[in-house]
Amino acid sequence: MVPLLPLVLIAPLLVAMAYSDLNHMRIPNVLCLIALAVFGLAALIAPPDDLVARIVVAGSVFALGFAAFCLRILGGGDVKMLSALLLFVPVPTMPLFALVFSASMLAGIAIVLGLRRLPAAHRLGWKSISGSTGFPMGLSIAMAGLLHPAAAMLIDAERILQ
């Protein structure tokens, strides 16, 4: 079984990120820094076997994301938090994470577009709902981070049962 406890530990940060992005269309830097600190502590206590590979993947995503940020394709907070989140994803489960993230993007778009059509949702005053200001990708990043451990455990359980 792949160790996913550090990813589970940042679940409250992911929820806070989703809320902040939905409400303000902004991911606070402090959330990214806390995620990095949690990863650093977890790596000191029990360094993962694939530590270097995780750092290379996160750094590559950050570099590509920075280019997308410069082209105004992605927000800066989205790039930072996705890169930080990838530090928590074990390398053997990264293809699964990509699948879960893709599904989370589709679900996030459906949720936001659905909420924008509901008059009651506009009364919340959330920036992502009240205008067509873009897409709060923090919602999808959070969903992927929250759902990935469950998906990985389901796949591990299926392998064990076979």
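The values are calculated or read from the model by the stated rules, or taken from the named source; none is laboratory data. Nothing here was measured: the structure is a model prediction, and the numbers come from that model. Methodologically, a virtual Cβ is constructed for each residue, glycine included, from the backbone with ideal geometry; neighbour enumeration extends over all protein chains shown.
Checked against the criterion of being part of a helix (DSSP H, G or I) and either modelled with pLDDT of 95 or more or under 15 Å from the mean Cα position of the chain (by Cα) (or both), segment 151-160 contains one or more residues that satisfy it. Would you confirm whether or not segment 84-92 contains a residue that is within 15 Å of LEU22 (Cα to Cα) and surrounded by 15 or more Cβ atoms within 10 Å (Cβ to Cβ)? No, segment 84-92 contains no residue that is within 15 Å of LEU22 (Cα to Cα) and surrounded by 15 or more Cβ atoms within 10 Å (Cβ to Cβ). Counting the residues of segment 128-159 that are in contact (Cβ under 8 Å) with a residue 24 or more places away in the chain and out of contact with any Ser or Thr (no Cβ under 6 Å at 6 or more places or on another chain) gives 19.
Note on segment 100-142: among residues that are among the hydroxyl-bearing types (Ser, Thr, Tyr) and part of a helix (DSSP H, G or I), the one that is surrounded by the fewest Cβ atoms within 10 Å (Cβ to Cβ) is SER102.
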